[in-house]
Amino acid sequence: MLTAVVGINWGDEGKGRMVDLFSAQHDVVIRYQGGNNAGHTVVNDRGKFVLNLLPSGIAREGVVNVMGPGMVIDLEHLSHEAAALREKGVSITPDDLKISDRATICMPYHRMMDVLEEDRLGDKKFGSTRRGIGPVYADKYTKKTLRMGDLLYPEELPEKVAALVEWKNITVKGYGHEPVDAGEMLRWLETWAYPWRDFVCDTGEYLSGMADRGHDLLFEAQLGALRDIDFGIYPYTSSSSTLAAYAPIGAGIPSRRLDKVIGIMKAYSSCVGEGPFVCEFFGAEADRLREAGAEYGAATGRPRRVGGFDVVASRYGVKMQGATELALTKLDVLSGWEQIPVCTAYELDGKIIRNFPAETLLARAKPVYETREGFGGDISSCRRFEDLPEAARNYVLWLEEAVNCPIRWVSVGPGREEYFTR
Ligand code: GDP
């Protein structure tokens, strides 16, 4: 069985926590896009882990984790992330982690370019995490990057690195910055990249073999549908495809079909960075929701923008992901609101619209709010749908109908056991 777990919204839906849960029934967990520009938080019996690059199955014994060819990998960051996990007793060896020979290496100068460009943009910045993800994907498509497989042929690296750096310095000069030094980049590779050489393999071959032998594969997306490079809120998107349809490609098995797409959808909205966010709350209402939901970026610590559940955006997310079922997260965060504001449509130039528009129109859209009956009390101990207060049950049923997809899991807290199925 091939299952993808993907974000329905702007990211930060709680995918990491759900993948950790689902990983118990899977043999392999695969990250297929993105880099260390977002974070997944997993809380389990070994503690709390923030994973930026490693697949969320890493904290579970017996699960093999794969970083696919669709990823961009900063090996310095990966080394620190792995060290923090190993300190907590997590095993990270070539047996439980495999890195695609076709994955792209994110170099220190990609990070530098990200910072230079965001600073140049000033007030008009995109809200990049400044970790080099946009620049390294740009170089990938310009065909000017190193891939993990290059590490296996170190004798060829001085020439390759010199050529890349020579080209990169044309742009660096334009920013008035001192040029990148090829020797320094080679030393960086020796320090941070060489230790990962034993993990490099053809992940497509590995995954095809596992699928053929009937193993269950779980594809883990980073960010959400609204951050997809093609279908998201461009240019406030990520630089990769966050959609389930990309999972087989980004994992290295493009000819395989997914059997299931589980969309992770949050009970309200949150968004990191800039760009139109129609359902946004402001002032005291926003502070209340942000504090209750601990809405601060896992990768950057930035306060997230928050808002009511957005039916227009979420229905679009469900459609673009091709979600076959949903996991609803953070329902507990809404406890205590007498009335829950929800955005059910947008008003655009005096007309009511229910389809999610492209960015130029989106920037002019205004939210149409309704309220749903709120609920109170601590619902984090509920382990059956029937245990929820009636208004909470009605909210779940209403969401399910609003986005037209069954909600099979409801998460009522960050802990591994704080959820139920229905
Ligand atoms: P991801 O990138 O989609 O994995 O999301 P993040 O990890 O950035 O954000 C999700 C945050 O919400 C993490 O801190 C989780 O531990 C937490 N979380 C996940 N599910 C729930 C839930 O149902 N209730 C509460 N209160 N927190 C949750």
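Assigning unit charges at the beta carbon (Lys, Arg +1; Asp, Glu -1) and nothing else, what dipole magnitude in debye, to the nearest 20, does segment 321-386 show about its Cα centre?
160
Taking θ = phi - 60°, what integer Hz values does the Karplus form 6.51 cos²θ - 1.76 cosθ + 1.60 yield along segment 12-27, in sequence order, with x for Gly and Pro?
Karplus-based 3J(HN,Hα) across segment 12-27 equals 6, 7, x, 4, x, 5, 6, 5, 4, 5, 5, 4, 4, 9, 10, 8 Hz.
Whole-Hz ³J(HN,Hα) for each residue in segment 181-191, computed from phi via Karplus 6.51 cos²θ - 1.76 cosθ + 1.60 with θ = phi - 60°, x for glycine and proline: what do you get?
9, 4, x, 5, 5, 5, 5, 4, 5, 4, 6
Kirkwood hydrodynamic radius, segment 24-70, all distinct C-alpha pairs: what's the number in Å?
Values: mean 1/r = 0.0896 Å⁻¹.
Value: 11.2 Å, from the Cα pair sum.
In debye, nearest 20: dipole of segment 192-252 around its Cα centre with unit charges on the Cβ of K, R (+) and D, E (-)?
It comes to approximately 160 debye.
From the square roots a ≥ b ≥ c of the eigenvalues of the alpha-carbon gyration tensor of segment 70-199, which class results: rounded (a/c under 1.5), prolate (a/b over b/c), or oblate? All intermediate terms of the calculation are to be shown ahead of the outcome.
Details: a/c = 2.10, a/b = 1.39, b/c = 1.51.
Judged from the Cα gyration tensor, segment 70-199 comes out oblate (a/c at least 1.5, b/c at or above a/b).
Using just the Cα positions, wrap segment 342-415 in a convex hull and report its mean projected area in square nanometres, one decimal place.
Reported value for the Cα convex hull: 6.5 nm².
Between Y419 and residues 5 or more places away or on another chain, which pairs have amide H atoms under 5 Å apart, with H built 1.01 Å from N, and which residues are they?
For Y419, whose amide H was placed from the backbone, the distant partners under 5 Å are V412.
Taking only C-alpha pairs under 8 Å that are 6+ residues apart, what is the relative contact order of segment 111-153 in percent?
The normalised contact order for segment 111-153 reaches 37 percent.
Using modelled backbone amide H atoms (1.01 Å from N, in-plane), which distant-in-sequence or interchain residues come within less than 5 Å of F219's amide H?
Here T3, A4, V5, I30 satisfy the definition.
State the answer as a single residue: which of F309, S269, F231 lies farthest towards the positive end of the charge dipole of segment 222-327, with beta carbon charges of +1 for Lys and Arg and -1 for Asp and Glu, about the Cα centre.
F231
Using a basic spin-label model with each label point 7 Å from the Cα along Cα→Cβ, how many nm lie between D202 and K366?
Roughly 5.9 nm, to one decimal.
With θ set to phi - 60°, apply the Karplus curve 6.51 cos²θ - 1.76 cosθ + 1.60 along segment 99-116 and write out the HN-Hα couplings as whole Hz, x wherever there is a Gly or Pro.
Along segment 99-116, the couplings run 10, 5, 5, 9, 5, 8, 8, 8, 8, x, 6, 5, 4, 4, 4, 4, 5, 4 Hz.
Report in % the part of the accessible area of the chain that belongs to carbon and sulfur, leaving out ligands and nucleic acids; probe 1.4 Å.
The nonpolar share, carbon plus sulfur, comes to 49 percent.
Which of K330/K366; K124/K266; K15/K98; K125/K366 have a Cα-Cα distance over 27 Å?
In this structure, K124/K266 lie more than 27 Å apart at Cα.
Once the other residues with Cβ under 14 Å from the Cβ of K351 are scored (Lys, Arg +1; Asp, Glu -1), what is the net sum? Intermediate values should be presented prior to the final figure.
Working: positive: R354, R364, K366; negative: E347, D349.
Taking every Cβ under 14 Å from that of K351, the sum is +1.
Once the chain is represented by equal point scatterers at the alpha-carbon sites, with solvent omitted, what log10 I(q)/I(0) does the Debye formula produce at q = 0.06, 0.08, 0.15 Å⁻¹?
For the requested q values the scattering log ratios are -0.24, -0.43, -1.42.
Under 4.7 Å Cβ to Cβ, no partner at all: give me those cysteines from the chain, in residue order.
C106, C201, C271, C382, C405
Given H placed 1.01 Å from N in the peptide plane, which residues other than close sequence neighbours of G34 have an amide H under 5 Å from its amide H?
Those lying under 5 Å, H to H, from G34 are V72.
Need the full-extension length gain, R354 to V50, defined as separation in residues times 0.36 nm minus the C-alpha distance. One decimal, nm.
Roughly 105.8 nm would be gained on extension.
The values are calculated or read from the model by the stated rules, or taken from the named source; none is laboratory data. Small disclaimer: the values here were computed from a predicted structure and weren't measured. A quick note on method: Cβ atoms are made from the backbone with ideal geometry, for glycine too, and the neighbour counts reach across all protein chains shown. Just so you know, the surface numbers come from the protein's heavy atoms only, side chains and all, with ligands and any DNA or RNA stripped out. Shrake-Rupley method; radii C 1.70, N 1.55, O 1.52, S 1.80 Å.
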